[in-house]
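The values are calculated or read from the model by the stated rules, or taken from the named source; none is laboratory data. It should be emphasised that the depicted structure is a prediction, and the values quoted were computed from it without experimental measurement. Cβ atoms come from the backbone with ideal geometry, glycine included; neighbour counts cover every protein chain shown. Ligands, DNA and RNA are excluded from the accessible area calculation, which covers all protein heavy atoms including side chains. Shrake-Rupley method; radii C 1.70, N 1.55, O 1.52, S 1.80 Å.
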Amino acid sequence: MMPMTIRSLFQPLVLSGLSLALAACVSSAPQVVKPVDTTTPAQRLAAVEAAAGPDDKELSVQPLRDSQVEDLRQTALTQRKASDLAGAAGSLDQALQIVAGDPSVLQERAELALLQGQWAEAETFARKAVDLGSKTGPLCRRHWATIEQARLARGEKENAVSAHAQIEGCTVPGIKRY
């Protein structure tokens, strides 16, 4: 065995000290902080309404409505304005029991779900409205804008972009008459 001297201990001590000093200099990777989406449900609904936009150059066909459904829609609107979102949802759900395939009622229910922060339900109602409704006009744009906002609210940016792209395809100019 080799006798221990200060000199033989010096090299390992220096290496250990340098290793500790270097380890202290290494910092951990910075935490990635996702930006918090502060968009309110009311702001999301405003974006949907803006996407529909009034356009007097566009052809828009409105179906005849059942008077009972129309009454339920008006009740829902009054309840929504009074901030009774659950009551408004109930009124629209009742209307959907009468006319399950009405794209306008489905869209109103989707927008109400958006206001309630029920992102998946909003998209479900809007998708059903897209499947059953017209592929053009303001209502079509509202469907796709609702889907876009629901996806954005869930953090699905790529899917939201594809929904946004569909909005443009909903605009078809009306017939020009000379």
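Out of curiosity, is T146 touching a helix residue (DSSP H, G or I) at 6+ places or on another chain (Cβ under 7 Å) and hydroxyl-bearing (S, T, Y)? Here the answer is yes, as T146 does meet what is asked. Of G101, G169, all but one fail to be more than 20 Å from the chain's Cα centre (by Cα) and surrounded by fewer than 18 Cβ atoms within 10 Å (Cβ to Cβ); the exception is G101.
With respect to the conditions (1) at pLDDT 95 or above; (2) open to solvent by 30 Å² or more (accessible area, probe 1.4 Å), Y178 falls short on a single one, namely (1). If the condition is being more than 18 Å from L45 (Cβ to Cβ), open to solvent by 40 Å² or more (accessible area, probe 1.4 Å) and not polar (S, T, N, Q), then the stretch 124-137 contributes K128, D131, L132, K135.
Give the residue that is most open to solvent (accessible area, probe 1.4 Å), with candidates limited to residues of the stretch 138-166 that are part of a helix (DSSP H, G or I) and of a type in the set (D, E, K, R).
As a first pass, look at the stretch 138-166 and keep what is part of a helix (DSSP H, G or I): 138-153, 157-166.
Then drop every residue that is not of a type in the set (D, E, K, R), which leaves 141-142, 148, 151, 157-158.
Numbers: R141: 16, R142: 59, E148: 30, R151: 34, K157: 129, E158: 148 Å².
Selected residue: E158.
Of the helices (runs of 4 or more DSSP H) lying entirely inside the stretch 20-137, those containing at least 2 residues that are at pLDDT 95 or above are 67-81, 85-98, 103-115, 119-132.
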